[in-house]
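Trainee: Pasting a structure below so you can have a look.
The values are calculated or read from the model by the stated rules, or taken from the named source; none is laboratory data. From a predicted model like this one, the values you see are computed outputs, not experimental measurements. Every residue, glycine as well, gets a Cβ built from its backbone with ideal geometry; the counts of neighbours run over all protein chains shown.
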Amino acid sequence: ISSSEPYQNTGDTIQPNDIIINETLFNPYSGGSDFVELYNRTNKPIALKNLFLATWNESSQTIKTKTNIPTELPIQPKDYIVITTDTTFLKSHYTVKNPKQMIQIKSMPTYSNAKGSVIALYNEFFN
């Protein structure tokens, strides 16, 4: 992803499983931050600004916390993006193949270090 690859609205509506959670880091090294890696399974770019990361409360079967991804950048077709609160830490402690595919946001949902569920929601499915 880069600013040279602008989002072009195809007019299509996002469908369930168009974007999947490929990897999560919920218990980082001391001083680090969580991350969620997303993958766009489609042949179209998808705007991230309408996407939310959330936690799922198993006992009440409800969304516990959610955080939007405030960026104009899309996730390109058949591509990955990493969402975190500290891109610098991730780059210095983990292998990062493409730093341009990382987005730093102000906050993330709180993920348990023991167990839990991470979900990605498109705003039209829960507004």
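Trainee: Looking at this structure, is Lys66 more than 12 Å from the chain's Cα centre (by Cα) and under 22 Å from Ile14 (Cβ atoms)?
Mentor: When the stated conditions are applied, Lys66 does not pass them.
Trainee: Ok, one more. I need a count of the residues in the range 111-126 that are in contact with a strand residue (DSSP E or B) (Cβ under 6 Å, 6 or more places away or on another chain) and free of Cβ contacts under 8 Å to residues at least 60 places away in the same chain.
Mentor: Count: 0.
Trainee: Among the residues of the range 91-100, is any modelled with pLDDT under 90 and under 27 Å from Thr13 (Cα atoms)?
Mentor: yes
Trainee: Also, quick follow-up: In the range 100-124, how many are in a helix (DSSP H, G or I) and surrounded by 11 or more Cβ atoms within 10 Å (Cβ to Cβ)?
Mentor: Number satisfying all stated conditions: 3.
Trainee: Is at least one residue of the range 32-47 modelled with pLDDT under 85 and charged (D, E, K, R)?
Mentor: No; the residues of the range 32-47 include none that is modelled with pLDDT under 85 and charged (D, E, K, R).
Trainee: Look at the range 76-90 and say how many of its residues are over 20 Å from Pro45 (Cβ atoms) and in contact with a helix residue (DSSP H, G or I) (Cβ under 6 Å, 6 or more places away or on another chain).
Mentor: Qualifying residue count for the region: 1.
Trainee: Further question: Could you give every pair whose Cβ atoms fall below 7 Å, whose first residue belongs to the range 83-95 and is under 16 Å from Leu38 (Cα atoms), and whose second residue is surrounded by fewer than 13 Cβ atoms within 10 Å (Cβ to Cβ) and among the hydroxyl-bearing types (Ser, Thr, Tyr), counting only separations of at least 6 or pairs across chains?
Mentor: Qualifying pairs under 7 Å: Thr85/Ser107.
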